[in-house]
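A short write-up of the structure that comes next.
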Amino acid sequence: MIEVEGLQKSFGQVQALRGISFRCEPGRVTGLLGPNGAGKTTTIRILSTILKPQSGSAKLNGYDVMKEPDKVRASVGVVLENSGLYRRLTGDENVLYFADLANVPRAEAMERMEFLYKLLEIDYGKRQAGTYSKGMAQKVNLVRSVIHDPPVLILDEPTAGLDVPSTVAVRTFVEQQKGAGKTVLLSTHLMNEVELLCDYVYIINLGLIVAEGTPDDLKERTQSSNLEEAFMKVVKE
Amino acid sequence: MKSIYAVMKKEIKEAFRDRRTLIMSVLLPAVLVPAIVLGIFYFEGRTVEKQNVEGFTVAFQGSQQLRSFLSQANLKVMEVPDVEKAVLEKQADVGIIEQQTPSQSKVIVVTSYASGTSGDSAVSYLNGILPLYREQCIRQYLSQKGINDDVFSLVVVQSKQVGEPMAFAKFFLAYLVSLVMLTSGFVGNVYLGTDIGAGEKERGTLESLLTTPVSRFSIAMGKWLALSALNCMGTLISLLSFTFSYSYAMTHFDMGLGFTPGGSALAIWGAGIWAMIIGAVLLSLTGGALQFIISMYSRNMREAQLYLGQMGMVILPFIFILMPAFTNASAMPTWVFFVPIVNASAVTYNVIIGNVVWPLVGIALLMDVAVAVLLSFVISKFMNRESVILRI
């Protein structure tokens, strides 16, 4: 569960978030949509405790991001846009490094890594990450972020720049996480991905939540034939 | 502690898989340092040997008497029409022109190349033997005049050296070890320093790391300790390869300075080695902290390299602090032990010259440990600043 209430954040004169509130339920994929500079990445950075908000509150799995950041991080797996792997370590070593940091016993980590490798069709874990294509790296990145089996998953543009097979693998992974009862927050620009994966959507613009609902609700309310059209109408209002 | 160790282990593993790090931290100190030391000693030894065996070459214009005198003094005399030209063209180490004045006296002009070491050595040698020639001429003159030459016995000058004959070699070694320790330990491996902070930012791995359950303090400590350990390893390899090559050079190349082969160099073993290790650890911790802070603050690797490349300049004042003790062939003054960074080198210097004052060693250790604790505090504060970690 993610509960955000009145979150505000400024960088100097720029007000990135102007009091946003939203909720993400377990066993559901919640989409966070918005144009560039809307405040999506800032929200995700606050939820993953990289940034601190000026006001408002955010709770992940019941833990407050300001008061219990260590517990928040133990409860969340984060895949950030542009997050890379350690190029001189193998895929396995990248994953097991994060398992060590999350204090996961080695045997448990190995077992979980094998399971996730099968799910994402990864058979190159023994190779150094520097030799991976973008899609290969992103799949290992997903495994790395959930190696400690967190109840909450935050994904920022997880399929950006990936080829079709990798995109399908990532979507399968998200579906699997949802099926396992995890809370999934997905930030993306790809509307077809939202329609395929998201159960509920929040549209953010200029640091404010400007619309929310299921993809079908949003289309109906804006009298749009597809989500892209609905998104454009909401953002231009 | 477990998470600090995990971060540290990963950083060291990555460093050992990087060819540039291995070249800078292992290969260069292990190969380049001995090559430089042995090269310098070998060529200096060859020069001295050449001088001892072959003697200096003198471009000469003058009397047969002076010519014979110079030949007997193991100098190669070469009569030339233009002495200055011969010296300028390096056909001779030094030039001598002997002129007879109308008043029957002689003037000897010694010419040497303005910036040549063999010329300087030759002039020193001539300054030692030409007074004997002058004496020979005066005796000759007195004899012709029927005057007894006992006058030369009125004042007899004798020279005598006191103190340890090996002292110079010992002070030289102590000073060089201190400098190697200071430069290698404090400045460290710039590439490693760049990679550990700015490199993480550039590759986009830092933010992922910050989302793991481990605290920022543990991340910072793990990275700092890994950087310090790797810098320390490079420093110790430099120091040991320097000491080994110095020992070898002292044993095998006679520089004509009257050293007992090997003796002075071997004085470093035992306490000297421990002083080197402790000094290298303390300097690497201090230098590593500064490297880490600079690297983490930098937007990218290029900016970090620009800043870290200047760390060599930071140690220049410290080198000047060490210099007077060496030039005066004395122990380090007490106040130096209160100055962090340089005091680690000062302890090693004093240990090698055999002047260990334990209270001063204690003061140096306390000062450096205090600085390390302070820096760890600064590092952890630094890692919590959004303006630093998101400065990309």
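If the condition is being closer than 20 Å to A:VAL72 by Cα, within 12 Å of chain B (Cβ to nearest Cβ), of a type in the set (A, V, I, L, M) and within 19 Å of the chain's Cα centre (by Cα), then the stretch A:100-145 contributes A:ALA102, A:LEU142.
The strands (runs of 3 or more DSSP E) falling completely within the stretch A:1-99 that include 1 or more residues that are among the polar types (S, T, N, Q) map to A:2-11, A:14-24, A:29-33, A:55-60.
Looking across the stretch A:117-145 at every residue that is in contact with a helix residue (DSSP H, G or I) (Cβ under 7 Å, 6 or more places away or on another chain) and of a type in the set (A, V, I, L, M), the one that is surrounded by the fewest Cβ atoms within 10 Å (Cβ to Cβ) is identified as A:LEU119. Can you name the residue in the stretch A:61-86 that is facing chain B (nearest Cβ under 7 Å) and of a type in the set (D, E, K, R) and is also farthest from the chain's Cα centre (by Cα) among such residues? In this case the residue turns out to be A:ASP70.
Can you go through B:GLY45, B:GLY95, B:GLY55 and tell me which one is modelled with pLDDT under 85 and touching a strand residue (DSSP E or B) at 6+ places or on another chain (Cβ under 9 Å)? Steps first, answer last, please.
Details: B:GLY45 fails: touching a strand residue (DSSP E or B) at 6+ places or on another chain (Cβ under 9 Å); B:GLY95 fails: modelled with pLDDT under 85.
Sole residue among the options that is modelled with pLDDT under 85 and touching a strand residue (DSSP E or B) at 6+ places or on another chain (Cβ under 9 Å): B:GLY55.
Quick one: is A:SER10 more than 14 Å from chain B (Cβ to nearest Cβ), in contact (Cβ under 8 Å) with a residue 40 or more places away in the chain and over 21 Å from the mean Cα position of the chain (by Cα)? So A:SER10 does not fit the description; no. Within the stretch B:351-365, if we keep just the residues that are under 11 Å from B:GLY279 (Cβ atoms) and at pLDDT 85 or above, the residue that is surrounded by the most Cβ atoms within 10 Å (Cβ to Cβ) turns out to be B:ALA364.
Do we find a residue being in contact with an Asp or Glu (Cβ under 6 Å, 6 or more places away or on another chain) and either more than 30 Å from A:ARG87 (Cβ to Cβ) or part of a helix (DSSP H, G or I) (or both) anywhere in the stretch B:5-22? First the steps, then the outcome.
From the stretch B:5-22, those in contact with an Asp or Glu (Cβ under 6 Å, 6 or more places away or on another chain) are B:6; that's our starting set.
Going one step further and asking which of them are either more than 30 Å from A:ARG87 (Cβ to Cβ) or part of a helix (DSSP H, G or I) (or both), we end up with B:6.
Checked the stretch B:5-22: at least one residue is in contact with an Asp or Glu (Cβ under 6 Å, 6 or more places away or on another chain) and either more than 30 Å from A:ARG87 (Cβ to Cβ) or part of a helix (DSSP H, G or I) (or both).
Does B:VAL151 fit the bill of being touching a residue at least 40 places away in the same chain (Cβ under 8 Å) and not polar (S, T, N, Q)? So B:VAL151 fails the test.
Residue pairs whose Cβ atoms lie under 6 Å apart, sitting 6 or more positions apart in sequence or on different chains, and linking a residue in the stretch A:182-203 that is touching a residue at least 60 places away in the same chain (Cβ under 8 Å) to a partner that is of a type in the set (Lys, Arg) and part of a helix (DSSP H, G or I), are A:VAL184/A:LYS178; A:SER187/A:LYS40. Of the residues in the stretch B:87-98, not one is outside any strand (DSSP E or B), touching a Leu at 6+ places or on another chain (Cβ under 9 Å) and closer than 20 Å to B:GLN136 by Cα.
Would you say A:THR30 is within 20 Å of A:GLN177 (Cβ to Cβ), out of contact with any strand residue (DSSP E or B) (no Cβ under 6 Å at 6 or more places or on another chain) and buried (at least 17 other Cβ atoms within 10 Å of the Cβ)?
On the way: within 20 Å of A:GLN177 (Cβ to Cβ): yes; out of contact with any strand residue (DSSP E or B) (no Cβ under 6 Å at 6 or more places or on another chain): no; buried (at least 17 other Cβ atoms within 10 Å of the Cβ): yes.
No; evaluated as a whole, the condition is false for this residue.
In this structure, is B:ILE363 more than 26 Å from B:SER218 (Cβ to Cβ) and either away from every other protein chain (no Cβ under 14 Å) or in contact with a Gly (Cβ under 8 Å, 6 or more places away or on another chain) (or both)? I'd like the intermediate steps shown before the answer.
Values: more than 26 Å from B:SER218 (Cβ to Cβ): yes; either away from every other protein chain (no Cβ under 14 Å) or in contact with a Gly (Cβ under 8 Å, 6 or more places away or on another chain) (or both): yes.
Against the criterion (more than 26 Å from B:SER218 (Cβ to Cβ) and either away from every other protein chain (no Cβ under 14 Å) or in contact with a Gly (Cβ under 8 Å, 6 or more places away or on another chain) (or both)), B:ILE363 qualifies.
Taking the criterion of being among the acidic types (Asp, Glu) and within 7 Å of another protein chain (Cβ to nearest Cβ), the only residue of the stretch B:193-217 that qualifies is B:GLU207.
What do you reckon, is B:ASP149 modelled with pLDDT under 90, touching a helix residue (DSSP H, G or I) at 6+ places or on another chain (Cβ under 6 Å) and loosely packed, with under 14 Cβ neighbours inside 10 Å? Walk me through it before giving the result.
On the way: modelled with pLDDT under 90: yes; touching a helix residue (DSSP H, G or I) at 6+ places or on another chain (Cβ under 6 Å): yes; loosely packed, with under 14 Cβ neighbours inside 10 Å: yes.
The answer is yes for B:ASP149.
The values are calculated or read from the model by the stated rules, or taken from the named source; none is laboratory data. These numbers come from a predicted model, not from an experiment. All Cβ positions, even for glycine, are placed from backbone atoms using ideal geometry, and neighbour counts span all protein chains on display.
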